[in-house]
Each structure stands twice: as structure tokens, then as C-alpha cells.
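Every read-out reported here was derived from the displayed coordinates using simple, explicitly stated rules and does not represent laboratory data. Everything numeric here is computed off the predicted structure, so don't read it as measured data. As a convention, Cβ positions derive from the backbone with ideal geometry for all residues, glycine included, and neighbour counts pool all protein chains shown.
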Amino acid sequence: MNFILKDTKNIVNISKSILECKFNKLLVHQIVISFFINKHTRNKSQKNKSEVSGSNKKPWRQKGTGKARAGSLKSPIWRSGGVTFASKPKKYNLKINKKMYRGAIKCIISELIKQNRLVIFNNFSINLPKTNILLKKIKDIKKKKILIITKKIDKNLFLSSRNIYNIKINDIKNINILNLINSNKVIITLDVLRYFENIL
């Protein structure tokens with residue numbers, strides 16, 4: 001399939017391996033779930049019976065006092081005692097291998113092409129860190145959410161986009177799957193396309 005570059009109007013060819021890739025809903029769902037799980041952390045920390053400060057001495061003898069038996073002042077049933085099944089900080093992790101991650105990106109890129117949501121530029125660099133320059137460059141792309149993927153994060157491009165709430169920028173090594181799915185238009189450069197063709 002031939003694709004026209006947005007800036008130079010040259011025609012480029014996209015490999016069949018990307019175009020003919022079927023959208024794998026289950027695979028994309030797994031990647032999205034892993035993204036949320038890996039992002040989640042539990043910082044809550046409580047002390048159990050062994051961690052609470054205080055004496056381990058038995059408060060009173062076992063029998064003959066008329067009171068309920070007690071073994072420690074640090075017991076969870078006492079005021080200022082430890083917590084039963086105390087919560088501890090936890091980092092959640094769901095590992096996704098490279099093959100699955102690349103497969104998900106491949107089928108998403110294919111779907112973006114089919115839905116006419118992918119825009120390819122020969123070069124997307126900006127000479128000065130000016131918001132107006134970036135807006136002029138994408139003035140024909142009037143969409144709510146725009147994702148720009150470049151080979152490396154260009155400093156001027158990054159600074160130009162900071163003041164525009166609906167534009168996000170990712171480099172080739174740190175593609176956010178959620179941004180890729182949720183964006184109305186995805187802008188990539190020709191070298192990014194060739195990179196995808198080589199690794200996917």
C-alpha cells in the first residue's frame with residue numbers, strides 16, 4: 001500500500017506485514033492491563049504484633065485473677081496493639097515479553113492505518129521552541145487528541161508542545177500503548193515507520 005507523506009507529498013510504501021496484521025483484541029487487552037498493574041503501587045504500611053514497641057511480658061498470671069487470659073500487651077485486641085494481617089507496601093508487577101508488546105503495537109498501527117488515523121511526515125523537527133510553529137505544522141490535523149512519535153525526543157518539539165493540552169509526544173523506545181489507542185490522530189516520521197517495519 002502506498003502512503004503520501006504529509007510534508008513532502010512523496011509516496012512511500014508500507015510493508016504487507018503491518019498492513020495485513022489482524023487486530024488482536026485479547027493481546028492488546030493484556031498489554032493495557034499490564035500497564036495499569038505495573039503503574040499501581042500500595043504504599044500503606046501497618047505494624048503487626050511483632051513490630052509494635054512494648055514489652056513481651058505477660059500482663060498477669062494465667063489463672064486466679066478473674067480476668068480474661070492475656071499473653072501480651074501488643075496483641076491486636078488491645079489498644080495500641082499490633083494490627084492483624086497488617087498491610088505492607090507492595091509493588092505490583094505483570095511481566096510482558098517483547099514479542100507480545102511488539103505484536104500489540106503492530107496490530108494497533110495496522111488498525112490506525114485502516115481507520116485513517118495515522119499521519120506520516122518525512123521530518124517532524126522544529127527549529128525554535130515556539131508553540132505557534134508546532135500549531136502551524138499540524139493546522140490541518142484538527143483533532144482532540146494527537147500523539148507524535150519520533151525516533152528521539154527533539155528538545156524544541158518537546159518545549160513547543162508543553163503548552164498544548166491535547167498533544168502528547170513519545171519516542172520510539174517509550175511508546176505509551178494507552179496514548180496510541182486513545183489518540184484521534186497519530187503522527188509518526190518516516191524513520192519511525194521503517195523502524196517498525198524492521199522490528200515488528
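Structure summary
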| item | result |
| --- | --- |
| Neighbour cut-off at most 16 other Cβ (10 Å), DSSP loop, GluC sites (Glu not before Pro), segment 19-119 | Glu20, Glu51 |
| Loop-located chymotrypsin sites (Phe, Trp or Tyr not before Pro) in segment 115-200, at most 14 other Cβ atoms within 10 Å (DSSP) | Tyr165 |
| Cβ-derived FRET efficiency at R0 35 Å, Thr41 paired with Trp78, nearest 0.05 | 0.65 |
| Gain upon complete extension [Ile33, Lys151; 0.36 nm per residue less C-alpha separation] | 39.9 nm |
| Cβ-placed point charges (K, R +1; D, E -1), dipole of segment 23-133 about Cα centre in debye, nearest 20 | 860 debye |
| Simple Cβ-charge dipole of segment 56-105, Lys/Arg +1 and Asp/Glu -1, about Cα centre, in debye nearest 20 | 160 debye |
| Contour excess over end-to-end distance, with Cα ends at Lys173 and Leu159 and 0.36 nm allotted per residue | 3.1 nm |
| Ordering of 171-183, 69-81 by packing [mean C-beta count within 10 Å, highest first] | 171-183, 69-81 |
| Listed values [x] 1.20; [y] 0.92; [z] 1.69, entry calculated as Cα Rg over 2.2 N^0.38 Å | [z] |
| Calculated [θ] (222 nm, deg cm²/dmol) that DSSP helices of n ≥ 4 give over the chain, each run adding -39,500 (n - 2.57) | -9500 deg cm²/dmol |
| Cβ-based charge dipole, the chain, positive-most Cα from Pro76, Ile153, Pro129 | Pro76 |
| Karplus-derived 3J(HN,Hα), 6.51/-1.76/1.60, for each residue of segment 167-182, Hz, glycine and proline x | 10, 10, 10, 10, 9, 4, 8, 10, 7, 8, 4, 5, 4, 5, 6, 7 |
| Listed residues Asn127, Asn156, Asn56, most fluctuating in the chain (Gaussian network, C-alpha, under 10 Å) | Asn56 |
| Net charge dipole size for the chain [Lys, Arg +1 and Asp, Glu -1 on Cβ; Debye, nearest 20] | 1440 debye |
| Near-label residues of segment 37-74 by backbone N, under 16 Å of a point 7 Å along Cα→Cβ of Ala86 | 43-56, 72-74 |
| Which listed pairs, of Lys9/Lys99; Lys6/Lys152; Lys25/Lys185; Lys47/Lys91; Lys9/Lys143; Lys16/Lys95, have C-alpha distances above 24 Å, in listed order | Lys9/Lys99; Lys16/Lys95 |
| Sites Lys6 and Leu94 - FRET efficiency at Förster radius 41 Å, r taken between beta-carbons, to 0.05 | 0.65 |
| Mean-position separation - Cα centroids, segment 109-186 and segment 31-61, in angstrom | 43 Å |
